[in-house]
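A short worksheet on the structure shown next.
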Amino acid sequence: MAMPCARRLLTSVGSSYKLHCSNHQNPVHRSFHILSTALRDHDTGDNLSSMEYSFLRKLGFPLLGSRALSTSMLSSETSEGSFPSELLTKKQILTPERELGQLQDLVIPVTNFQNEDKGLMVLAGDVFDLPIRKDIIHRVVRWQLAKRQQGTHSTKTISEVSGTGRKPWPQKGTGRARHGSLRGPQFRTGAVMHGPKPRSHAFKLNKKVRRLGLKIALSARAAEGKLLVFEDLDLPTHKTKNIVSFVNQMEETKKVLMVDGGPIDEKLKLATQNLHYVNVLPSIGLNVYSILLHDTLVMSRDAVNKIVERMHTPINR
């Protein structure tokens with residue numbers, strides 16, 4: 001409403017001063033003339049010269065003196081003639097992506113094997129939105145692999161090798177090298193010097209570092225969009241085809257790790273035991289190496305709550 005009124009007012013004022021503008025160099029008169037011409041030419045589709053635009057800019061009319069004016073509130077499809085289409089931007093406005101590692105709570109949808117909507121769930125930011133640190137992941141994986149190594153390798157020393165203890169030949173007079181036993185490491189079936197013995201390969205890693213590694217692994221899967229939260233992991237039957245059809249519906253998924261809050265359901269265990277690309281763990285057994293081995297992590301609501309509770313429990317020193 002304000003734009004048509006201003007157009008009629010300035011057009012009438014500009015027409016009254018039109019005769020005087022040619023003989024006088026008063027900048028105010030000239031500005032009214034150019035302003036009325038701009039509003040009138042807007043309806044006819046004509047354009048002002050660059051000199052007139054620069055003159056309007058100097059006199060304090062930056063809106064009409066700029067051709068690059070654009071707004072996200074208008075578009076060329078709103079109404080014809082309401083705003084010149086050449087002044088509207090053609091670029092697509094994109095919302096900025098969320099910055100990772102800011103300890104912000106995440107809200108993700110909850111579903112099930114039938115892809116039903118089960119509401120939303122808030123993931124704690126101090127567990128699922130930590131900065132990614134590869135050095136911490138590397139330390140935890142090395143600790144985990146070293147700790148699970150059996151260390152049962154063993155070799156026999158010279159006292160454990162079967163054989164006689166007598167001197168094989170006299171010390172002097174035979175022309176051969178001197179030896180005192182046939183069980184030495186230089187003989188066939190002899191002993192092994194400095195060989196491995198059963199031992200533990202585990203080394204100490206602080207609990208806060210191990211806990212931080214698990215948080216970072218969970219944050220990495222959440223940042224990639226590879227963390228799914230289910231209401232529960234209950235299956236109607238123990239048939240393997242149910243899990244196969246579910247995995248086939250997932251895009252860019254090769255291995256799936258399912259984590260339940262309590263003991264694993266017997267139907268789920270039977271349905272996944274013949275699939276090498278689907279593994280099931282209770283929440284108490286969730287670890288960094290298992291998360292890294294699988295590109296998709298499926299957790300039940302109960303498992304998420306127990307993991308968060310475990311991460312928030314003070315460390316016993």
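The values are calculated or read from the model by the stated rules, or taken from the named source; none is laboratory data. Being a predicted model, the structure only gives us computed values, none of them experimental. Don't worry about glycine lacking a Cβ; one is built from the backbone with ideal geometry, like all the others, and counts go over all protein chains shown. Areas reflect the complete protein model, heavy atoms only, side chains present, ligands, DNA and RNA absent. Shrake-Rupley method; radii C 1.70, N 1.55, O 1.52, S 1.80 Å.
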By residue number, the members of region 110-148 that are aromatic (Phe, Trp, Tyr) and within 18 Å of Arg210 (Cα to Cα) are Phe128, Trp143
Among (1) without any contact (Cβ under 8 Å) to a residue 60 or more places away in the chain; (2) open to solvent by less than 40 Å² (accessible area, probe 1.4 Å), Arg221 falls short only on (1)
Among Thr152, Thr164, the single one that is touching a Pro at 6+ places or on another chain (Cβ under 7 Å) and open to solvent by 60 Å² or more (accessible area, probe 1.4 Å) is Thr152
The one condition Leu228 fails out of (1) among the aliphatic types (A, V, I, L, M); (2) open to solvent by 50 Å² or more (accessible area, probe 1.4 Å); (3) assigned to a helix (DSSP H, G or I) is (3)
Of (1) closer than 29 Å to Arg98 by Cβ; (2) surrounded by 16 or more Cβ atoms within 10 Å (Cβ to Cβ); (3) out of contact with any Asp or Glu (no Cβ under 8 Å at 6 or more places or on another chain), Ala271 fails just (1)
Asp234 vs (1) of a type in the set (Asp, Glu); (2) closer than 24 Å to Leu106 by Cα; (3) part of a loop (DSSP other than H, G, I, E, B): all pass except (2)
Exactly one of Val259, Val244 is closer than 22 Å to Leu145 by Cβ, in contact (Cβ under 8 Å) with a residue 12 or more places away in the chain and open to solvent by less than 60 Å² (accessible area, probe 1.4 Å), and that residue is Val259
The one condition Ala202 fails out of (1) of a type in the set (Gly, Ala, Ser); (2) open to solvent by less than 50 Å² (accessible area, probe 1.4 Å); (3) farther than 30 Å from Arg310 by Cα is (3)
Restricting region 112-136 to residues that are charged (D, E, K, R) and not in a loop (DSSP other than H, G, I, E, B), the one nearest to Glu309 (Cα to Cα) turns out to be Asp126
Filtering region 167-187 for residues that are out of contact with any Gly (no Cβ under 7 Å at 6 or more places or on another chain) and open to solvent by less than 60 Å² (accessible area, probe 1.4 Å) leaves a count of 5
Counting only residues in region 287-317 that are among the polar types (S, T, N, Q) and surrounded by fewer than 20 Cβ atoms within 10 Å (Cβ to Cβ), the one farthest from Leu218 (Cα to Cα) is identified as Asn316
Quiz item: Quick check: is even one residue across region 176-192 part of a loop (DSSP other than H, G, I, E, B) and among the hydroxyl-bearing types (Ser, Thr, Tyr)?
Solution: yes
